[in-house]
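> Could you have a look at this structure, given as structure tokens, before my questions?
Just so you know, all these numbers are worked out from the coordinates, no wet-lab data involved. Note that the structure is a prediction, hence the values are computed from the model and not measured. Every residue, glycine as well, gets a Cβ built from its backbone with ideal geometry; the counts of neighbours run over all protein chains shown.
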Amino acid sequence: MHRVVLICEDIGHEYIIAPIVNRICNEYDITISIRVVKCSGSRIYQTLDVFLSHIRSGEETAPDLMIVAVDANCKGYNQRREQLQNHITADLSFSVIHAIPDPHIERWLLIDSHAFRVVLGKGCDAPDQKCDRDRYKVKLTEAILNADVIPLIGGLEHAEDIVREMNFTVMDHHDTSFHHFLTDLNTVLNQWRAESHH
């Protein structure tokens with residue numbers, strides 16, 4: 001059993017990224033447990049500092065993998081990744097990867113219209129890539145309403161089902177930030193699989 005910690009900036013990351021990680025690990029036949037650490041009020045850096053200091057002091061057990069999830073917002077993928085990497089400077093005994101949806105996590109649920117249609121009975125329009133605050137939260141809510149479904153938590157309650165139906169190859173081709181996340185996760189899982197065969 002590999003221990004994964006998902007440190008996330010908001011609820012959307014928890015609802016979307018955790019099921020993606022679970023599904024991919026299942027495909028690798030790797031058993032994991034995911035612990036979600038939520039930031040209060042988007043304080044990702046303070047949350048990281050506290051979590052890493054607890055690991056150093058022995059209050060926390062080090063995971064096998066830490067995933068840090070933040071939206072690119074208007075800064076773009078590369079700048080956000082660089083900021084996170086500069087912040088996690090310590091020499092850690094475990095793998096760290098980043099999930100940085102560009103510009104926002106809700107966009108990932110709108111990329112595979114077929115998966116959306118399977119779950120909600122009606123497809124969604126392919127999302128653009130503009131950086132307006134809450135743009136994709138609104139677009140996700142609209143797409144759910146268009147399918148004659150009432151969104152209870154902005155549509156995130158359907159995230160796990162949509163992730164289950166997603167074609168990750170389609171996602172990989174249509175979204176660079178998803179491609180980066182998938183590539184980094186696959187690298188870690190391949191390492192684990194190689195280690196288990198030794």
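> In what sequence do 88, 150, 105 fall when counting other Cβ within 10 Å, fewest first? Don't jump to the answer; show the numbers that get you there.
Numbers: 88 15, 150 7, 105 30.
Starting with the residue having the fewest Cβ neighbours, the order is 150, 88, 105.
> Looking at the chain, identify the longest residue range that excludes and avoids all GluC sites (Glu not before Pro) in DSSP loops having at most 16 other Cβ atoms within 10 Å.
By the stated rule (loop sites, at most 16 other Cβ atoms within 10 Å), 61-198.
> How do 66, 171 rank when sorted from fewest to most other Cβ atoms within 10 Å of their own Cβ?
By the 10 Å Cβ count, ascending, the order reads 171, 66.
> Using alpha carbons only, how many degrees (0 to 90, rounded to 10) separate the axis of helix 135-146 from the longest principal axis of the chain?
The angle comes out at about 50 degrees.
> What are the ³J(HN,Hα) values, in whole Hz, obtained from phi via the Karplus relation 6.51 cos²θ - 1.76 cosθ + 1.60 with θ = phi - 60°, for each residue of region 151-159 in sequence order, with x given for Gly and Pro?
Per-residue couplings from phi come out as x, 7, 10, x, x, 5, 5, 9, 4 Hz.
> For the chain, just run the numbers: alpha carbon Rg, then divide by 2.2 N^0.38 Å, N being how many residues it has. Could the numbers behind the result be given before it?
Details: Rg = 16.8 Å, N = 198, 2.2 N^0.38 = 16.4 Å.
Normalised Rg, Cα atoms only: 1.03.
> Net charge near residue 162: determine it from the other residues with C-beta under 12 Å of the C-beta of residue 162, scoring Lys and Arg +1 and Asp and Glu -1.
-3
> How do 54, 180, 198 line up, fewest other C-beta atoms within 10 Å first?
Ordered by Cβ neighbours within 10 Å, fewest first: 198, 54, 180.
> Dipole magnitude of the chain about its Cα centre, charges +1 at Lys/Arg Cβ and -1 at Asp/Glu Cβ only, in debye to the nearest 20?
Roughly 220 debye, rounded to the nearest 20.
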